[in-house]
Amino acid sequence: MLDLARLRALHAVSVHGSVAGAAAALGYTPSAVSQQISKLERETRTTLLERRGRGVALTEEARHLADTAQELLAIVERAETTLEERRGQPGGLLTVAAFASAARGLLPGVLADLARRHPALDVRLTEVDPHLSVELVARGVTDLAVAHDWDIAPLPAPEGIEQAVIGDDLCDLVVPAGHPFTTRETILRADLGGQRWVCQPPGRVCHDWLMRTLRTAGLEPDIAHVAEENHTIVALVAAGLGVAVVPRLGTGALPPGAVAVPLEPGPVRRLYALWRTGAARRPAITEAVRTLQEHWPARSGHPGELPSVPPPAAAAPQ
């Protein structure tokens, strides 16, 4: 009989494309994942992974087995959801994936609150690139994701995935102290020509938003510096090396030398919680989404505003 934990390891490798990625998602060491795969190879008498340069690739047999593993994991999830729903209390393991600024600016308080109120619930957080979140939920690698979209890049909602709005994250135009913009009441997007910009790398939504917004206004962006983290971007602005559009979530107080000025219309990104339809009745999902929404006003920069989309309906105790 095939071992479910080993199938889960193979499925994680198929989703993340590497043993190291699978280990990070599952909370194991790469060595432990490799051992699980090796045992599964012996059980099935089949080669499942092949060396490709410094990495590995799934064989055709492994891809078929990984697809079957996904179906089995979905069945297990439904069984676990039913049991937890009957108990009426959040419990068991809940895996959460979140992009960097949400993992830093929102999730610590949420996770601490869940741990305090629901000691039977074991929540595990993984920081991931935002564009991976939906796929990880859809493929059963993680139970819940915190993702975001911008007006130029709506968040995809594939079949079998439900979502609820957490809230809107305001973005600021951040400039060096002494910049001419600091003396003005309002900055229009058409005023942004001739600036040297600090932004995230190409392919990130923030970068794409900046390029499209300026080009729509007839301006060609001058990207002077590229950095992954918002804290690095703000530090470069504070040093007088450019201007940037920075979301408030996870950025914290601006350092000396950096000033936020009003940009009209102001950029906004919307945060969502996403989960599989099959787990919608699970009390752990219901409570996690509710707690995310509960904590949002304190982190959003505009307290009191609540999201318009309700969380999944709470299950009635049975």
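List the number of the failed condition for A69; all other conditions in (1) more than 22 Å from the chain's Cα centre (by Cα); (2) small (G, A, S); (3) open to solvent by 20 Å² or more (accessible area, probe 1.4 Å) hold.
All conditions pass for A69, except number (3).
Looking only at segment 82-99, decide whether some residue is more than 28 Å from G250 (Cα to Cα), at pLDDT 85 or above and polar (S, T, N, Q).
Checking segment 82-99: not a single residue is more than 28 Å from G250 (Cα to Cα), at pLDDT 85 or above and polar (S, T, N, Q).
Do we find that G218 is on the phi > 0 side of the Ramachandran plot, assigned to a loop (DSSP other than H, G, I, E, B), surrounded by fewer than 17 Cβ atoms within 10 Å (Cβ to Cβ) and at pLDDT 95 or above in this structure?
So G218 does not fit the description; no.
I need the full set of residues from segment 246-260 which are surrounded by fewer than 21 Cβ atoms within 10 Å (Cβ to Cβ) and part of a strand (DSSP E or B), in order please.
Those that are surrounded by fewer than 21 Cβ atoms within 10 Å (Cβ to Cβ) and part of a strand (DSSP E or B): V259, A260.
When you go through (1) at pLDDT 80 or above; (2) among the charged types (D, E, K, R); (3) surrounded by fewer than 20 Cβ atoms within 10 Å (Cβ to Cβ); (4) closer than 30 Å to R189 by Cα one by one for D172, which number turns out not to apply?
(3)
Could you tell me whether V165 is modelled with pLDDT of 90 or more, open to solvent by less than 60 Å² (accessible area, probe 1.4 Å) and either part of a loop (DSSP other than H, G, I, E, B) or over 30 Å from L93 (Cα atoms) (or both)?
no
Can V110 be described as assigned to a strand (DSSP E or B) and under 19 Å from H148 (Cα atoms)?
no
Given the criteria open to solvent by less than 40 Å² (accessible area, probe 1.4 Å) and either under 17 Å from T142 (Cα atoms) or of a type outside the set (S, T, Y) (or both), does I37 qualify?
yes
Residues checked against (1) open to solvent by less than 40 Å² (accessible area, probe 1.4 Å); (2) touching a helix residue (DSSP H, G or I) at 6+ places or on another chain (Cβ under 7 Å); (3) among the aromatic types (F, W, Y):
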{"residue": "E61", "(1), (2), (3)": "no, no, no"}
{"residue": "A74", "(1), (2), (3)": "yes, yes, no"}
{"residue": "L83", "(1), (2), (3)": "no, no, no"}
{"residue": "A100", "(1), (2), (3)": "yes, no, no"}
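Among the residues in segment 81-100, are any at positive phi and in a strand (DSSP E or B)?
Scanning segment 81-100, I find at least one residue that is at positive phi and in a strand (DSSP E or B), so the answer is yes.
For segment 274-295, give me each residue that is in a helix (DSSP H, G or I) and charged (D, E, K, R).
Passing the criteria: E287, R290, E294.
Within segment 178-188, is there a residue that is in contact with a strand residue (DSSP E or B) (Cβ under 9 Å, 6 or more places away or on another chain), open to solvent by 60 Å² or more (accessible area, probe 1.4 Å) and small (G, A, S)?
yes
Identify, from the list A284, A288, A279, A273, the residue that is crowded, with 21+ Cβ neighbours inside 10 Å and at pLDDT below 85.
A279
Restricting to segment 123-156, count the residues that are outside any helix (DSSP H, G or I), open to solvent by less than 60 Å² (accessible area, probe 1.4 Å) and not polar (S, T, N, Q).
Qualifying residue count, segment 123-156: 15.
The values are calculated or read from the model by the stated rules, or taken from the named source; none is laboratory data. All values derive from a computational prediction rather than experimental measurement. Reconstructed Cβ throughout: ideal geometry from the backbone, glycine too, with neighbour counts over all protein chains shown. The area values use the complete protein model at the heavy-atom level, side chains included, leaving out ligands, DNA and RNA. Shrake-Rupley method; radii C 1.70, N 1.55, O 1.52, S 1.80 Å.
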